[in-house]
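The values are calculated or read from the model by the stated rules, or taken from the named source; none is laboratory data. No experiment lies behind these values; they were computed from the predicted model shown. Reconstructed Cβ throughout: ideal geometry from the backbone, glycine too, with neighbour counts over all protein chains shown. These accessible areas exclude ligands, DNA and RNA; they are computed on the full protein's heavy atoms, side chains included. Shrake-Rupley method; radii C 1.70, N 1.55, O 1.52, S 1.80 Å.
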Amino acid sequence: GERDGVTFVDDYAHNPGKVKAVLQAAAAGAWGRAVCVFQPHLYSRTADLAGEFGDAFVGADLLVLTDVYGAREAPRPGVTGKLLVDSVLDRHPRQRVAYLPVRSELAPYLRRVLRPGDLCLTLGAGDLTSLPDEMLAEP
């Protein structure tokens with residue numbers, strides 16, 4: 001959907017290859033900026049693929065990372081969304097990254113940073129999928 005000149009698109013991309021593909025497709029559009037909101041899915045996947053995720057977000061003008069959506073897995077010590085923040089910044093120190101571990105922080109933050117002409121992509125296999133609807137429904 002679209003609101004106030006911002007286009008919202010949700011995609012199930014939850015591994016590095018799929019994230020790269022979505023951002024490459026977004027680059028073909030006529031948006032001013034691509035704002036990517038990514039929620040890591042599963043502690044095991046986050047730990048195993050943290051290095052690969054470091055290069056997955058290259059096409060994002062702004063990357064917003066949340067904490068891990070554990071689904072069926074119990075939390076693992078040291079495995080948080082911060083692992084991906086560190087991986088991205090190790091490989092791309094100039095990448096604009098915001099780390100908002102708590103899901104409820106996302107909408108207020110996005111209201112402040114999104115501007116007309118932006119594409120806001122929500123990517124992941126967790127509860128992030130409802131964020132665009134929340135953004136579109138707000139008064």
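Probe radius 1.4 Å, ligands and nucleic acids ignored: give me the carbon and sulfur share of the accessible area of the chain as a rounded percent.
52
How far, in degrees from 0 to 90, does helix 43-53 lean away from the longest principal axis of the Cα atoms of the chain, to the nearest 10?
With rounding to tens, the tilt is 70 degrees.
Restricting to DSSP loop positions (anything but H, G, I, E, B) with no more than 10 other Cβ atoms inside 10 Å of their own Cβ, which chymotrypsin sites (Phe, Trp or Tyr not before Pro) remain in segment 1-99?
Within segment 1-99, no chymotrypsin sites (Phe, Trp or Tyr not before Pro) qualify (loop, at most 10 other Cβ atoms within 10 Å).
With a point put 7 Å past each Cα toward its Cβ, work out how far residue 73 is from residue 48 in nm, to one decimal.
Those two pseudo-labels are separated by 0.8 nm.
With a Förster radius of 25 Å, plug the Cβ-Cβ distance of residue 91 and residue 4 into 1/(1 + (r/R0)^6) and report the FRET value to the nearest 0.05.
In this case the efficiency is close to 0.15.
Can you work out the accessible area per residue across the chain, with the rest of the protein chains kept in place, probe 1.4 Å, in square angstrom?
Accessible area per residue, the chain: 48 Å².
What is the diffusion coefficient of segment 37-139 in µm²/s, taking the Kirkwood radius over Cα pairs and the Stokes-Einstein relation at 4 °C with a viscosity of 1.567 mPa s?
For the chosen part, D equals 92 µm²/s.
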